[in-house]
There are 2 protein chains.
Amino acid sequence: MSVQATTLDSILSSLKTLSINAANVVSHAASTSPESWKEALSSSSTSTSQNATKTLLFKPKTAKTAKPYPVLIVAKAETETNTGALGKEIDQKEMRLAKEDLMTEFLGATKDDISPLSVSTANAEEGSHPILVVLDESLASSSDSFALHAASSDKTIFLTGQDVQKYLQSTGVALKVIDFSKLGGSAAPAPARATPASGANNEAAAAARARHAEAARIPEAELIGITVRKDGDFSDWYQQVLKKGDMLEYYDVSGCYILKPWSYNVWQSIQTFFDAEIKKLGVENCYFPMFVSSDVLEREKDHIEGFAPEVAWVTRAGQSDLEKPVAIRPTSETVMYPYYAKWIRSHRDLPLKLNQWNSVVRWEFKHPQPFLRTREFLWQEGHTAHLTLDGAAKEVLQILDLYKAVYEQLLAVPVVPGVKSEKEKFAGGYYTTTVEGFVPTTGRGIQGGTSHCLGQNFSKMFNITVEDPEATEETRGKPEGRLHVWQNSWGLSTRTIGVMVMVHGDDRGLVMPPRVSQIQVVIIPCGITVKTTPKERDMILDTCQETANTLQKAGIRAKADLRDNYNPGYKFHDWELRGVPIRLEIGPKDLEKNQVVAARRDTGVKANVSASGLADSVQKLLNTIHDDMFKRADETYRAHRKVVTEWADFTPTLNGKNHVIIPWCEVEACEDAIKDRSARVANSDEPQDERAPSMGAKSLCIPFDQKQYPDIAGKKCPQCGQAAKRWTMFGRSY
Amino acid sequence: MSVQATTLDSILSSLKTLSINAANVVSHAASTSPESWKEALSSSSTSTSQNATKTLLFKPKTAKTAKPYPVLIVAKAETETNTGALGKEIDQKEMRLAKEDLMTEFLGATKDDISPLSVSTANAEEGSHPILVVLDESLASSSDSFALHAASSDKTIFLTGQDVQKYLQSTGVALKVIDFSKLGGSAAPAPARATPASGANNEAAAAARARHAEAARIPEAELIGITVRKDGDFSDWYQQVLKKGDMLEYYDVSGCYILKPWSYNVWQSIQTFFDAEIKKLGVENCYFPMFVSSDVLEREKDHIEGFAPEVAWVTRAGQSDLEKPVAIRPTSETVMYPYYAKWIRSHRDLPLKLNQWNSVVRWEFKHPQPFLRTREFLWQEGHTAHLTLDGAAKEVLQILDLYKAVYEQLLAVPVVPGVKSEKEKFAGGYYTTTVEGFVPTTGRGIQGGTSHCLGQNFSKMFNITVEDPEATEETRGKPEGRLHVWQNSWGLSTRTIGVMVMVHGDDRGLVMPPRVSQIQVVIIPCGITVKTTPKERDMILDTCQETANTLQKAGIRAKADLRDNYNPGYKFHDWELRGVPIRLEIGPKDLEKNQVVAARRDTGVKANVSASGLADSVQKLLNTIHDDMFKRADETYRAHRKVVTEWADFTPTLNGKNHVIIPWCEVEACEDAIKDRSARVANSDEPQDERAPSMGAKSLCIPFDQKQYPDIAGKKCPQCGQAAKRWTMFGRSY
C-alpha cells in the first residue's frame, strides 16, 4: 500500500498554516529531468531568477527482512552530495538511489515530481515508513528563494531555504541538516549560481524582470484565481487563463497540449458553422492519410523548403525499422495533388472542391505557445481546382469571407482582410489572402486564417491538366490543347481559440463570446442561509433548475450550478474564470418579485430581469453581449491602426503598440529594411525576450479596403522614397 | 514541354483497336519498386500466376548540344540486360539510366508507372523526341501472359509477350527486338520462372485459382463496371466496388487509403448521430495530442503488450534526431489516464465522460484491407470514470445500444450484441461488450464496435482515486477511505463503412443505405432523341432540376444529373456503381402523365410515381428501402446462426458459411481447442489464403439474448463435455 501523494491544495494549506507566503505557483510543461525543468521554467514567463534544487531518495542497505529505511536528500542543484560520506555521517551503508516504486511507496511521488513538499504530516506520520530527510545546510539557512516542484512536475513553487526547513519541521518527519561541503571525501561545492529563469541573464535584466513581475501581480487574487494582470505579465496571464479557465492542460510531449472540452467545444462550434457554409459552396469532405512518403513530400521544391525542417518522421514500427521512413503531413498539397492529377480527367470534373478536417504536425523548435504555435494542431484544409483563374479567385474571397465571419460573427474578434506581400505569401503559391487579427495588450498582430490562390504552380508540377473546352481543331488532343488547372488551398486552425482568449480575456479570467461558449448561462442559487427553511431552499433550487430547463428548451445552453459544497461567491468566481457570458442569480427576494438577477461577464453589469419571457430576454442579452464585445474589440483595433507617412513616426508608432499603415512601394528589399530598422530602435526599458517587442515589423497585409485611406497617387514609401503602390499594414506579430 | 502520359482509357482503346483482349486490369496498392509491385499483385486477389517484367529508360551519351536519344528497354524481370553489350549492338555509348525528369519529358511517365504501354501513337509521333524501344526477344516471342503497369503504378494489365510487341509496333515507335542471352559479354539469363501471384505457389493451387477466377468473371461487365461476381471472387469484388463506387483511392503508403467524399460522408453521418446521442448522456468532446511519450505508453503492461509491436515511432524531426522518440497513439488509455488522476479530485468530479474524434495508428504487418484493417483509421474513443461499478456497467450498455443503432438504424446492418470471452476481451480491461456483424458471402463474422468496462485496473495503475463519500470517521482522509474509480472505454471506427459495403453491395456495385448516402435520389432526364425539340428538351431538363429542388427543400439529398456528354444508360450504370438508393427517370411521357419513374437500387424494381406529393412518396420509399435492406440482411444473418450441440456438426456447419451457437463451458483452453479443431478440417477444394476459410473459429460473443435458445441447464459443451454456462456464438471472422 503506497501512501497518498501531497496535492497542491494540501501543500498550500499547510504553508498557509505556517504563515509561509507562497502565492507564486508557476504552471509549466511537465518536466522529466533537471534540464527539462529548467527549460520549462525559463519558458514559462516566471520573472525573478530562481535557484534550482534537487530532491533524491536513497535506500541504504538493510537486512532483507528489515523494512527499508529511506533517506531523502534535499539540496541545492549544484551541491555535491557525496553519499558515501553521508552514509558514514548518518550511519547507513551502501546508499543507493531508490527505484521509483519505492518513491511511490514512501511518498506517493514519482521521480519527476518529488520535492521536499512531497513530505507531509500524513505520510511522515504513517509510522510504518520511517524516513529521514537530509537537508543541505546551505539551502536550509538561505533566505534566497528556491524552485521546488509543488505536487507535480508541471508546477513549481518558490520558497526560501528557511521556509523549506520550516515546512519540513512542521511535518514531524525525522530531519537532519548537513553541511555537505564539510563532509569528508567530498569536493567543495561549486559556487552557487543563479539559474536564470529566462534567456537574458544579466543582473540588470533580472532586476527589471523582478520589478515587472511585482507590478503585474494582482494582490487580491485568491489562489485559484489569476494572479497576474493581463497588462502586467501577458504571457503568464495567458497561460493562467487557459489553465484555470479549463481550456487546456499541459502535456508531457513538449509543444503539445490537451484541448479540454471547454476549448474543444469552441472548435466544434467553428466546425459546425464553417462545414455547413462550405458545403453550400459545393465543397466535399474527405480524408487523406496522415503519412506521406518522402518522394511525394519533396516533389514541389519551393513549397517543401518552407516545411522540411519541421517535418516529423516515423522511422520505426514496434521493434522494426521501416524500409522507408514516412513523414507526418505538415500540410497536404503534395499529398493530395498527385491524386488530383488522376481524378481530374476533363473540364467537366471541375471545379473539384475537397476539404479535410484533420491535424497536422510541424515540429517547430521555437518556443511553443498554446493554440498559437503547437507541434500538432487541428485545422481544416481546403484544396480546390478550377478551370479558370477567375473561378479560383472568386472562391479565394468566398472562403476569406467565411474566415472573417468565424472571427467576427462567432468569436466577436475583429479582423482586417487583405492580401499578403510577395515575401509573406504561401511558399509555392500565387498569392495569399489573409484575415489579420490584433492583440491589443501586446500590440502585436496575428494571422487569423489564410486563403491561397496557388495559381498553376502545383498543377504544372503535378501535371494536373484538362482538355481546353475551347481548344481548336488543330490543338485538340495535343499538349497545346490542354490547360493546367488553377488551384486554391485554404486553412483555419485552432489558433482561432488563442486569438479569442487573448482579445477578450481580462484579469478575472476568460471572457467567452456567447455563440461559442459551451455554457452560455449559469444559474446560481443565492441567499440560502442557516435561517432558510428546507422548503424555501428547495424552492430556490427548483426554480434554478426549472429556469435552466426553460432556457434549454429555447435553445440556450444553460446550466444550474446546484453544488451544495460551494458557496455562491466561490461559484461566481469559478464561472467567471471560465468566462460564462451570463450569470443568473436567484434568491428568496427574486422569487418574491418573480425576477432574476442577470450579471454580464463582459462588463460585470448586473440587472434585474423579469422571470416572465426570460428566454427571450436572455437571448437578446446574449446577442447584445456578442455585439458589445465585438464593438469594443473593433474600436480598440481601429484605434491602433495608425496611418504614418514619415519614417520618423514609424517605429515610435509601432512602439506605442500600434499597427502602422503606410503608403508602400511593395518592394521586397524595402520590407526587409523596414523590419531591420524598426527592430533596432525598440524600447529598451521593458523586459526583452527573443520573440517579442524588440523584433521588427513585417507587412501583415495590404488591406482590401483601400478607399478608407487617402488617394495613393503621388505618395512615396516612407522607408525608401519610391512611389507607393498601396496602403499596407505593418506590425509586430505572433 | 513534356509529353502527355498515356491513360488507362487510351491504352484500352488502342488495345481494342488491335483486337487484343485486355479485360483483366487489376487495381492494387501503388507500387514504388519491383518488390512492392510483386507484393501488391500478390495481395490483390489476381488469380493466375503472372510473369513479371521490367521497363527501363536509358540515355546514351550524346553531344551536349544534341537532343538526347532515349532507349527504352522492355524485358522479362529476370532477363539480364547488359547495357554495355547492348550499346555496342545499337551503336550508342555510355548508356546510363535516365533520371525521372527525362522519363516525364519523353513519356509523361514516372519510374513507378513506366511500362511499354507508356509508349503511345501520340508520344511516339511527337517527332522532337526520337525514342528507341528495345524489346527482349524471349518476351516478344512468348504467348505467356506478362504483368505490365497500365498508365499508373497501382494498375496492372496482363498481355502476352506477342501482344506487347504488336502494341509497340502499332504505335510507330522505333523498335528493336534483341535476344539479350546472345549479346556478347552478358551472362546467360536466369531460367525463366513464374512469379507467383499469391502466397500458395504450387501448380495445382494456381490451376484451381485460374478456374476460380474464370468462374467469378462477369462476362457482360463493361470495363468501367464490376468485372467479378460478389460470390465468385469476393476479395476482388470488394476492392473493385470500393474503387469504382468512388469510396476510396489507393495510396502510396502501404496500409493507408484515401477516404473519398462518398465514404467520408458516411462517416460524417455516423458522427453527427453518435455525437448528439453521447452529448445527451453527458459526454464531452476533447482532443489529446497524437504523440505519446514511451514512459506513458508503457505504463500499463498487460495493455501495451497487445499494441507494442504495432506502435509507430517518430524518431526524427527535419534533420534532427529526437532526444526521446515519441509514439503515435494506438489508442489513448495510457495517454489520458494520468490526467484523469489529476483532474478527478473528488467524487463530485464523477462521472467524468470524455470522448475524442481522432485517428489512431496501428502499424500492422498483416495483409491490409480497406476500412477493415488499415494502419491509420478514424474512430471515436470514449473514456469515462465512475464512482461505482453499477454506474460504469450501465453506461457500457448505453453505448453498446448506440453502436447497435448506428449499424441497424443508419447502415441497415444487423448485429448481435453480447459480451466477449475472457480470451477475446480488451487487454487490461474487466469485460468487453461488442456488436458482431456478419458477412454472408464469406460466412465470416466481423467485430462491429466494442464498449469495454475497464473495472479498476487502470485506476489502480494510474492511481485515480476519490475519497469514498461513505467513508467513516476512522477511514476518512486515509488510504482505506479512498476508492479507485471504475472506468470504461468504447470505440467505433470507419470499419463500419467496410461492413456496410460487404453486407449490401451486389454485382452491380455499391448499395448505399439511404440514411448515410450522400445522394439519396438521382434524377436523370430520359427519352431525349434527335427528334426532341429544343423546347421539349429544356422542359425535361428543367423538370429534372425542379424536382431536385423540390426534394432538397423537403430535406432529401437529391441531385439532377444533367450532364450532356453521357447518355441515360451510362448515367444509370454510373449511379448504380455508387449505389444511390433511388433513381428517378423523367422523359416526355412522364411529363405528359405528370409522373416520374422511380427505380430502387436495392431491388431494381421500377414504378411510376405521381409527380404530385413526390417528396412524401420519395421519403416513404427511402424509409421502405432502409427497412427492406435491414430485413433482408437480418433474415440472412439469422439463417446463418445455427445452434449446434454435437461436435461432429461444428465444423461442417462452420464450413457452410455459418456462425455456430453452442452451449459453452467458457473455459479458455476449450476455446483454443475449438479453434484448432475447426481449422484442421477446413474445405480443401477452394482457393486458400492464409487469412481466410481454413482458419479456425473463435468465440465472437456470448449473446445477451440467451432466452432465444433452449434452457442451458444440464447442457454440455460439445467440444470438451464440461457443463455449459451460456450459449456462445463461434465463427470465423475478420
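A compact table of results
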item	result
Residue within the stretch B:385-397 that is assigned to a helix (DSSP H, G or I), among the acidic types (Asp, Glu), farther than 30 Å from B:Gly505 by Cα and open to solvent by less than 10 Å² (accessible area, probe 1.4 Å) present	yes
Residue count for the stretch B:67-81, restricted to those that are open to solvent by 40 Å² or more (accessible area, probe 1.4 Å) and over 39 Å from the mean Cα position of the chain (by Cα)	2
Given (1) under 16 Å from A:Lys155 (Cα atoms); (2) out of contact with any Pro (no Cβ under 6 Å at 6 or more places or on another chain); (3) at pLDDT 95 or above, number of the condition A:Thr227 does not satisfy	(3)
Single residue of B:Ile540, B:Ile524, B:Ile556, B:Ile528 found to be open to solvent by 40 Å² or more (accessible area, probe 1.4 Å) and not acidic (Asp, Glu)	B:Ile528
The lone exception for A:Thr465 - which of (1) at pLDDT below 95; (2) in contact with a Lys or Arg (Cβ under 8 Å, 6 or more places away or on another chain) it fails	(1)
Filter result for the condition that a residue is open to solvent by less than 30 Å² (accessible area, probe 1.4 Å), within 18 Å of B:Trp490 (Cα to Cα) and not hydroxyl-bearing (Ser, Thr, Tyr), over B:Leu322, B:Leu297, B:Leu354	B:Leu354
Residue count, the stretch A:343-374 (criterion: modelled with pLDDT of 95 or more, farther than 30 Å from A:Val501 by Cβ and within 9 Å of chain B (Cβ to nearest Cβ))	2
Pairs where the first residue, in the stretch B:711-734, is under 23 Å from B:Glu436 (Cα atoms) and the second is open to solvent by 70 Å² or more (accessible area, probe 1.4 Å) and outside any strand (DSSP E or B), C-beta under 6 Å, 6+ apart	B:Pro718/B:Glu646
Any chance B:Gly445 is in contact with a Gly (Cβ under 6 Å, 6 or more places away or on another chain) and either at pLDDT below 95 or in the same structural domain as B:Asn358 (by the TED database) (or both)	yes
Residue tally, condition away from chain A (no Cβ under 13 Å) and open to solvent by 10 Å² or more (accessible area, probe 1.4 Å), over the stretch B:231-270	9
Scope the stretch A:251-278; condition among the hydrophobic types (A, V, I, L, M, F, W, C) and in a helix (DSSP H, G or I); matching residues	A:Trp262, A:Val266, A:Trp267, A:Ile270, A:Phe273, A:Phe274, A:Ala276, A:Ile278
In the stretch B:412-433, the residues that are surrounded by 22 or more Cβ atoms within 10 Å (Cβ to Cβ) and under 15 Å from B:Tyr637 (Cα atoms)	B:Ala412, B:Val413, B:Pro414, B:Val415, B:Val416
Given (1) open to solvent by less than 10 Å² (accessible area, probe 1.4 Å); (2) touching a Gly at 6+ places or on another chain (Cβ under 7 Å); (3) among the β-branched types (Val, Ile, Thr), number of the condition A:Thr334 does not satisfy	(2)
Sole exception among (1) over 31 Å from the mean Cα position of the chain (by Cα); (2) crowded, with 20+ Cβ neighbours inside 10 Å; (3) within 14 Å of chain A (Cβ to nearest Cβ) for B:Asp564, by number	(2)
Single residue of the stretch B:301-340 satisfying the filter (under 17 Å from A:Leu259 (Cα atoms) and part of a helix (DSSP H, G or I)) that is nearest to the other protein chains (Cβ to nearest Cβ)	B:Tyr339
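Here is a yes/no grid of residues against (1) modelled with pLDDT under 95; (2) open to solvent by 70 Å² or more (accessible area, probe 1.4 Å); (3) in a helix (DSSP H, G or I); (4) among the charged types (D, E, K, R):
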{"residue": "A:Asn608", "(1), (2), (3), (4)": "no, yes, no, no"}
{"residue": "A:Ile625", "(1), (2), (3), (4)": "no, no, yes, no"}
{"residue": "A:Arg632", "(1), (2), (3), (4)": "no, yes, yes, yes"}
{"residue": "A:Pro663", "(1), (2), (3), (4)": "no, no, no, no"}
{"residue": "A:Glu666", "(1), (2), (3), (4)": "no, no, no, yes"}
{"residue": "A:Arg677", "(1), (2), (3), (4)": "yes, yes, yes, yes"}
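Here is a yes/no grid of residues against (1) touching a Leu at 6+ places or on another chain (Cβ under 8 Å); (2) closer than 13 Å to B:Val609 by Cβ; (3) surrounded by 20 or more Cβ atoms within 10 Å (Cβ to Cβ); (4) not basic (Lys, Arg):
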| position | (1), (2), (3), (4) |
| --- | --- |
| B:Pro568 | no, no, no, yes |
| B:Trp575 | no, no, yes, yes |
| B:Glu585 | no, yes, yes, yes |
| B:Val597 | yes, yes, no, yes |
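The values are calculated or read from the model by the stated rules, or taken from the named source; none is laboratory data. Note that this is a predicted model, so its numbers are computed, not measured. Note: ideal-geometry Cβ built from the backbone for every residue, glycine included; neighbour counts use all protein chains shown. We work out accessible area using only protein heavy atoms, side chains counted, and drop any ligands, DNA or RNA first. Shrake-Rupley method; radii C 1.70, N 1.55, O 1.52, S 1.80 Å.
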